[in-house]
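What follows is one structure encoded as C-alpha cells, with my remarks underneath.
The values are calculated or read from the model by the stated rules, or taken from the named source; none is laboratory data. Owing to the predicted nature of the structure, the values given are computational and were not obtained by experimental measurement. Here the Cβ is made from the backbone with ideal geometry for all residues, glycine too, and neighbour counts use every protein chain on show. Just so you know, the surface numbers come from the protein's heavy atoms only, side chains and all, with ligands and any DNA or RNA stripped out. Shrake-Rupley method; radii C 1.70, N 1.55, O 1.52, S 1.80 Å.
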Amino acid sequence: MTSLAPGPPVGPGTPAMPGPILAMRGMTKRFGPLLAADSIDLDLNQGEVLALLGENGAGKTTLMNMLFGEYTPDAGEVRIRDPSGNEEVLPPGQPQAAIAARIGMVHQHFTLAENLTVLDNILLGTEPPFSSRRSRRRARARLHRLMEASGLNASLDVRIRELSVGERQRIEILKALYREARILVLDEPTAVLTPQEADSLFGAVRELVREGLSVIFISHKLREVLAFSDRIMVLRHGRRMGEMPTSEADVGKIVRMMVGEEHAGVDRSPGEPSAPALVLEKVSVPSSRAQRALFEVSLTIHEAEILGIAGVAGNGQSTLAQIISGLLQPGEGSISIGGKNVRRLTPARALREGIGRIPEDRYQDGIVADMSVAENIVIERLDSPEIQRRGILRRAAIATHAEFLIDAHDIRCPGPHARTALLSGGNIQKLILARVLEAQPGIILANQPTRGLDVRAAGEVSRRLIAARDRGAGVLLISEDLDEVLALSDRILVMQGGRIAETKSRDRAVIGAMMTGGSVG
Amino acid sequence: MRPWSAILIPVVAGLAALLLSAIPLAFAGAPILPAYAQMVAGVFGSVFTATETLTRATPLIFTGLAAAIAFRARFWNIGGEGQLYLGALAAVWVGTGMIDGPPILMIPLVLAAGAVAGAVGLLGPALLKTRFGADEVVTSLLLNFIILIFVQMMLEGPFKDPMGLGWPQSEPILDSAALPALVDRMRLHAGFLIGIAAAFVAHAVLAYTVWGFRARAVGDNATAARHAGIGVRRTILGVAIASGACAGLAGVSEVAGLKGYLTSDLSPGFGYAGIVVAMLAGLSPIGVIAASLFVASVFVGADSMSRAMGVSSFLADLIVSMSLICMLVGGFFARFRLRLRAAPAP
C-alpha cells in the first residue's frame, strides 16, 4: 500500500501496476473568484475506507461532485480501475459515466421523491419506469436480502413523505447498495442515526468493504472517523492539507490540520437552573400523516438550564418542536410559560412569550429564501416600533440593524439586501441564530441546531447557546447527535416512540439503549 | 435573475412574438412589413389612436394589478372578470340616481362602491380557501360565470333602463359621477390616471409597508411566514380584498369613464387578460403599466391592421399569447442554461 504515504503517489502512465481503484489528479474547480478546489489529488484503494475531512466550504462536496460528473472540473482527471485491472479516464461532467463505473453516492441532501414509495425510489433510475410485476418481486426479494445483510431496515411500501429525515437517510444508503456500487461515497451518513444504528451501519459497510467495496466517507464527527476509517485526508480552503493512516491520527492532530489551530472544545460549566420557564403537562397528539404521535409527554425547562432531548429521528421530536413553536395545538395536555397557563400557543404567541425557535428545517421553516437577509432578520418582529412606524417599514433602521447583526454573528453574505437564497447553509443558520438570540428570549427551542455545520460553526452555535443559558434562558436542545446532547445538556431526556423519559446516566450505551426502546417505559 | 434581464426579457419576448406572428400573418395573405407598419400606425399614428390605446390599457392596468397583487402572495385569483362586473354593477347602482352630489363626492363614491363590490366578490373564494382549503383557482374561476349571469339578471330586472328601448342595459351614469375626459373630444378618461396611481400605490405598499412584507413572505414561503408568526390566513384575506378591489375598479372605470352605462358585454375578457398582463409584468405593479400598454397596443394595432389589410383581428390574441409564451420561455432561459450534448456511449 504505497499510496498511504503522503505526497504525490502513483503518477500517470502506470496502468499495469495494481494501483488504486480510483485516482483523482489535480482536480481544480473555480467558481468566479472562489477557488473551490485547488489541484487536489486523491487515491482510493480497493477495500479501503478513506475519510475526507474539512470545514464547510473546504472543497469536499466540490471534489465529490467532480467525481460524480455533476461539475466539470477546470483541470484534472479521474481514473478508475475496473475489476479486470484496466484503467480508464472518466469523461468529465457526465454523471452517467460515473454511474456506469459503479460509483455510488449518498448525498447529504436527500434525493428522494417524496410522493413515491421506498421501493419506487430505490428502483427509480435503475429499472424501466413500467417494470413488470415479476421484476418488482425480484427487486423486493433482493432488497430484503440486502436489508438483512446490512441491518438497514425499512418498510418498502411506505411513501417517502411519511418518513423522518433519519429514515430517509437509511433509504439513501440502501439505494446505493442496491445499485451494486463498487465505490461508495457517504456524505455525512450518520448525522441522523443513533450510535447503535451508526455502529450497525458501519458494521454493515465494513462487511461490504471486506468483500471489496471502497468507501469515501465524509463526516464532521471525528469520533466516527477515527473508529471507522483506514486513512484520513484533510482539505482546507480547497487544498489538500495532508493525509495519514487512521492508526496514527488523533483528534488534536486532525483538528489542527483542519482549522489550523487547536480546536477549543466547548467549555461548559454546569448551569444553575432556577424557576420553571416552560412546562408541558401530559401533552398528547394523535398520530397522523403529517406527524408522529406524542403520548402524555411531560417536561419542564427551567431558567438557566439546557435540557437535552436525545433520540432517533421520527420518534416524536418534530411533533414536540411544532407544539413549542406554536405550529401545532396538542389534542390533550397543558402548556404553561413562566407559571401561567397558555391555552392556545400560536407562533405569534410563542414569540410574545419569549420563545426563540431554531427550526429543524432551516430552509423550509427558518427563512424566506427569496427575501433579503435584512428582511429575514426582522421577520419575527414586524410589530416592533424599531421595525415599523404606523405600518411603514423603517428601511434604513432595518438595514443598519441587519448590518450590525451580520457583523456580530459573522454572517458571510454580500450585504443586508442580498437574497438569502445565496447564503450557504452554515450562514443561514447563523442568520437564524442571530435573529433568535437578538430578541433575548427566555426560552430557546434549538432543534438540530448544528446539523450539517462544520466543527468551527457548530462550536460557535454551541457557545452561543451556552451563553444564552448563562444569561438565564432555558434551552431545549433537540438533537440526534448524542455527543452534542452529552456535551451541552444539564439534564437529558430521551424520546422514543412518542414517549419521553429522563435519564441521569451519561453513558452512551445506556442512553443509546433507551433511544432504541431498550428501557423507556 | 440579473436586474437587466427584467427589462431585456420582456422586450426580446415581444420582438420574438412579432417575428413568430409573421408566419400566420403571411398565411392570412397579408404583406408582413406593411401589415406591421399599419399596426404601428394604428397605435401611434394620431392623437386619436394613441388615446385609444391608453383607453384600452386602462382596464388592463386594474385587472393586471389585481392578478399581480394576488399572485405575489401565491393566491391565484382567476376571477378578475367577475369582480370587474361586480364593480361595474356597484358603480351603476350608486351612480345612476340613487344619490346625487357634486363630482368631488360622487366620483370617489362610485370608485369606493366598485372597489368594495370587487373585494366582496373575491372574499368568498378567499374564505373558502382559508377555512376549508378549497382551491381558489376553481372557486374564483367558476364564480365568473355565476356573476355574469347574475349581472344579466339584474340588467333584465331591477337595473334595467326604462328608457332603454327594451335592451338589457342599465340607466346611464350621472354626469356628476362620470370620470372626466382627459383629452378634448377623445375617449381617454381619468380612469387611466387612477390606474397609474393605483400601480404606484400597489408598488409602495408591497415594498414599503408591513402589510406588503407579510404578503411577500406568505407568497415566497408560507411555511416560514407562519413559523415567524405571520398570520397567513389573515394575510391572504387582506391580499384577496386588495386584489378584488383592483378588479372592481376596472369595472367602475369602464362604466363611469368609457361606456356610461352597464351592459353584459362590458368586458371582452379584461379580467383574463389581466392575468397575462401580470405575468408579462413579472408580477411587478410598475411593470403592469408597461405590460398593459403593450397588450393594449397589440389589440388596438391589430384592429387597425385587420381593417386595413383584411385579415382577421384574432391575430391580436395570437400575438399576445405568443408574447406570453416567449416571456415564459425567456424567464426559463434566464434561470437555466441549456446544454446540448450527445448521450455517452454505453
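Residue count for the range A:338-351, restricted to those that are closer than 19 Å to A:SER284 by Cβ and away from every other protein chain (no Cβ under 13 Å): 4.
Residue by residue, here is whether (1) within 19 Å of B:THR51 (Cβ to Cβ); (2) among the aromatic types (Phe, Trp, Tyr); (3) assigned to a helix (DSSP H, G or I) holds:
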position: B:ALA250; (1), (2), (3): yes, no, yes
position: B:LEU258; (1), (2), (3): yes, no, yes
position: B:ASP265; (1), (2), (3): no, no, no
position: B:GLY282; (1), (2), (3): no, no, no
position: B:ILE286; (1), (2), (3): no, no, yes
position: B:VAL295; (1), (2), (3): yes, no, yes
position: B:PHE299; (1), (2), (3): yes, yes, yes
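Would you confirm whether any residue within the range B:180-199 is farther than 30 Å from B:LEU105 by Cβ and open to solvent by less than 60 Å² (accessible area, probe 1.4 Å)?
no
Before we move on, is A:GLU243 in contact (Cβ under 8 Å) with a residue 60 or more places away in the chain, on the phi > 0 side of the Ramachandran plot, open to solvent by less than 40 Å² (accessible area, probe 1.4 Å) and not aliphatic (A, V, I, L, M)? Criteria not met by A:GLU243. Examine the range B:122-143 for a residue that is closer than 28 Å to B:ALA197 by Cβ, open to solvent by 30 Å² or more (accessible area, probe 1.4 Å), over 18 Å from the mean Cα position of the chain (by Cα) and in contact (Cβ under 8 Å) with a residue 60 or more places away in the chain, and state whether such a residue exists. Within the range B:122-143, one or more residues are closer than 28 Å to B:ALA197 by Cβ, open to solvent by 30 Å² or more (accessible area, probe 1.4 Å), over 18 Å from the mean Cα position of the chain (by Cα) and in contact (Cβ under 8 Å) with a residue 60 or more places away in the chain. For beta carbons closer than 8 Å, sequence separation of 6+ or different chains, a first residue in the range B:144-159 that is open to solvent by 80 Å² or more (accessible area, probe 1.4 Å) and a second that is modelled with pLDDT under 95, the qualifying pairs are B:GLU156/B:PRO168. Considering A:ASP120, A:ASP82, A:ASP74, A:ASP38, the condition of being open to solvent by 60 Å² or more (accessible area, probe 1.4 Å), more than 20 Å from A:VAL225 (Cα to Cα) and more than 14 Å from chain B (Cβ to nearest Cβ) is satisfied by A:ASP74 alone.
Return the residues of the range B:215-235 that are assigned to a helix (DSSP H, G or I), in contact (Cβ under 8 Å) with a residue 12 or more places away in the chain and more than 7 Å from every other protein chain (Cβ to nearest Cβ); say none if nothing qualifies. Within the range B:215-235, B:ALA215, B:VAL218, B:GLY219, B:ALA222, B:VAL232, B:ARG233, B:THR235 qualify. Only one of (1) free of Cβ contacts under 8 Å to residues at least 24 places away in the same chain; (2) under 25 Å from B:ASP265 (Cβ atoms) fails for B:ILE104. Which number is that? Result: B:ILE104 passes all but (2). For the range A:289-327, taking the residues that are within 14 Å of chain B (Cβ to nearest Cβ) and out of contact with any strand residue (DSSP E or B) (no Cβ under 7 Å at 6 or more places or on another chain), the one that is modelled with the lowest pLDDT is identified as A:ALA290. Just to be sure, is A:VAL234 among the aliphatic types (A, V, I, L, M), open to solvent by less than 10 Å² (accessible area, probe 1.4 Å) and closer than 23 Å to A:GLY512 by Cα? So A:VAL234 does not fit the description; no.
This table checks each residue for (1) in contact with a helix residue (DSSP H, G or I) (Cβ under 6 Å, 6 or more places away or on another chain); (2) under 30 Å from A:VAL255 (Cβ atoms); (3) touching a residue at least 24 places away in the same chain (Cβ under 8 Å).
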{"residue": "A:ASP38", "(1), (2), (3)": "no, yes, yes"}
{"residue": "A:ASP41", "(1), (2), (3)": "no, yes, yes"}
{"residue": "A:ALA58", "(1), (2), (3)": "no, yes, yes"}
{"residue": "A:MET66", "(1), (2), (3)": "no, yes, yes"}
{"residue": "A:GLY69", "(1), (2), (3)": "yes, no, yes"}
{"residue": "A:PRO73", "(1), (2), (3)": "yes, yes, yes"}
{"residue": "A:GLU87", "(1), (2), (3)": "no, no, yes"}
{"residue": "A:PRO95", "(1), (2), (3)": "no, no, yes"}
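Only residues that are within 8 Å of chain B (Cβ to nearest Cβ) and surrounded by fewer than 24 Cβ atoms within 10 Å (Cβ to Cβ) were counted in the range A:352-364, giving 1.
Does B:ALA112 satisfy the criteria of being among the aliphatic types (A, V, I, L, M) and either open to solvent by less than 30 Å² (accessible area, probe 1.4 Å) or not in a helix (DSSP H, G or I) (or both)? So B:ALA112 fails the test.
Can you find, within the range B:51-109, the residue that is nearest to the chain's Cα centre (by Cα) among those that are open to solvent by less than 20 Å² (accessible area, probe 1.4 Å) and either farther than 27 Å from B:ALA281 by Cβ or of a type in the set (Lys, Arg) (or both)? Per the criteria, the residue is B:LEU89. Against the list (1) of a type in the set (S, T, N, Q); (2) surrounded by 16 or more Cβ atoms within 10 Å (Cβ to Cβ); (3) within 14 Å of chain B (Cβ to nearest Cβ); (4) under 28 Å from A:ILE466 (Cβ atoms), the condition A:GLN388 fails is (4). Only residues that are in a helix (DSSP H, G or I) and either in contact with a helix residue (DSSP H, G or I) (Cβ under 6 Å, 6 or more places away or on another chain) or of a type in the set (A, V, I, L, M) (or both): list them for the range B:25-43, please. Answer for the range B:25-43, where residues must be in a helix (DSSP H, G or I) and either in contact with a helix residue (DSSP H, G or I) (Cβ under 6 Å, 6 or more places away or on another chain) or of a type in the set (A, V, I, L, M) (or both): B:LEU25, B:ALA26, B:ILE32, B:LEU33, B:ALA35, B:ALA37, B:GLN38, B:MET39, B:VAL40, B:ALA41, B:GLY42, B:VAL43. Among the residues of the range B:277-293, the ones that are surrounded by fewer than 24 Cβ atoms within 10 Å (Cβ to Cβ) and in contact with a Ser or Thr (Cβ under 8 Å, 6 or more places away or on another chain) come to 1 in all.
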